[in-house]
């Protein structure tokens, strides 16, 4: 399917020649086709990464491939994090008996904002 065909449902809606539901059905069909293609390429990409890793084990931890870039084998790492729900539950328990400690733990919380956008939840097949 070409990009021009993919835009037809949307353009028809923009031009008033299709209902919103017709446009959404067309766009969701296009999305499904692209999603399936992406998953296929993602599998091939992962296989290629695994093959590169296998070759890297033999040639060393760091290799420059001219015209591509530098490949580096990173050592495994252990990453620590806290279970958010368990930590919140602990703070609730601490508030009654140890309000100062609870306040100190709560002071360590950070908040970041994320831009809103489309969320797509796929139907299970």
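Each row is one residue, and each column tells you yes or no for (1) surrounded by 10 or more Cβ atoms within 10 Å (Cβ to Cβ); (2) under 30 Å from residue 36 (Cβ atoms); (3) under 23 Å from the mean Cα position of the chain (by Cα); (4) not assigned by TED's automatic domain parsing to the domain that holds residue 28.
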residue: 59; (1), (2), (3), (4): yes, no, no, no
residue: 86; (1), (2), (3), (4): no, no, no, yes
residue: 93; (1), (2), (3), (4): yes, no, no, yes
residue: 97; (1), (2), (3), (4): no, no, no, yes
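For region 102-110, the criterion of being modelled with pLDDT under 90, in a loop (DSSP other than H, G, I, E, B), under 30 Å from the mean Cα position of the chain (by Cα) and under 30 Å from residue 31 (Cβ atoms) is met by no residue.
The values are calculated or read from the model by the stated rules, or taken from the named source; none is laboratory data. Keep in mind it's a predicted model, so treat the numbers as computed, not measured. When we count neighbours, we look across all protein chains shown, and the Cβ atoms used for this are built from the backbone with ideal geometry, even at glycine.
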